[in-house]
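Beneath this line is the structure, given in structure tokens, with notes to follow.
The values are calculated or read from the model by the stated rules, or taken from the named source; none is laboratory data. Treat the numbers as computed from the prediction; the structure is a model and nothing was measured. Glycine gets a Cβ as well: all are built from the backbone with ideal geometry, and neighbour counts include every protein chain shown.
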Amino acid sequence: MALYSDKVMDHFQNPRNVGKIDDADGVGEVGNAKCGDIMRMYIKVEDGIIADCKFNTFGCGSAIATSSMATELIKGKSVEEALQLSNKAVVEALDGLPPAKIHCSVLAEQAVRAAVKDYYDKNGIEYNAEEFVICDCDHCH
């Protein structure tokens, strides 16, 4: 049995939405000190919809694949819908990840949330701060 699904390999070898948005409406950066993965997510919002998103990820193949899939899952969605993106949804969209790499999907979820929080902060949009608490469990860090 292969360690990685065809979708994981495809998003690792041919990542979607790589790059930077210079005039991004929201930028989120998260990292995992234990494994060294760092993700930066950029979102461009038009009329409450994520019109564009890009990412830069320094990390393993799973980190790149989960970043790529996360951008695909939120592009064209409302900001509120993007906030509902879970790491589980990212894993399912990639047809699974090895248990030791689940933390990469958690980082992808957190990068999206951090970009949305930055967008809210820049635009004076009120939000519940508890919704943006970054996970600090041993599994994720």
Just wondering, is there one or more residues in the range 74-85 that are touching an Asp or Glu at 6+ places or on another chain (Cβ under 7 Å), over 23 Å from ILE102 (Cα atoms) and of a type in the set (D, E, K, R)?
no
Looking at the range 2-25, which of its residues are surrounded by fewer than 19 Cβ atoms within 10 Å (Cβ to Cβ) and on the phi > 0 side of the Ramachandran plot?
GLY19
Can you confirm whether the range 115-127 contains a residue that is of a type in the set (Lys, Arg) and under 19 Å from ASN17 (Cβ atoms)?
no
Number of the condition not met by VAL8 [criteria: (1) free of Cβ contacts under 8 Å to residues at least 24 places away in the same chain; (2) over 26 Å from GLU126 (Cβ atoms)]:
(1)
Within the range 26-45, is even one residue of a type outside the set (Phe, Trp, Tyr), modelled with pLDDT of 95 or more, surrounded by fewer than 17 Cβ atoms within 10 Å (Cβ to Cβ) and in contact with a Ser or Thr (Cβ under 8 Å, 6 or more places away or on another chain)?
no
Criterion violated by LYS7 - all others in (1) of a type in the set (D, E, K, R); (2) part of a loop (DSSP other than H, G, I, E, B); (3) in contact with a Leu (Cβ under 6 Å, 6 or more places away or on another chain) satisfied
(2)
Among helices (runs of 4 or more DSSP H) entirely within the range 20-125, at least 3 residues that are of a type outside the set (Asp, Glu) and within 20 Å of ASP10 (Cα to Cα) occur in 61-74, 87-93, 102-123
What do you reckon, is LYS117 farther than 15 Å from CYS35 by Cβ, surrounded by fewer than 16 Cβ atoms within 10 Å (Cβ to Cβ) and at pLDDT 95 or above?
no
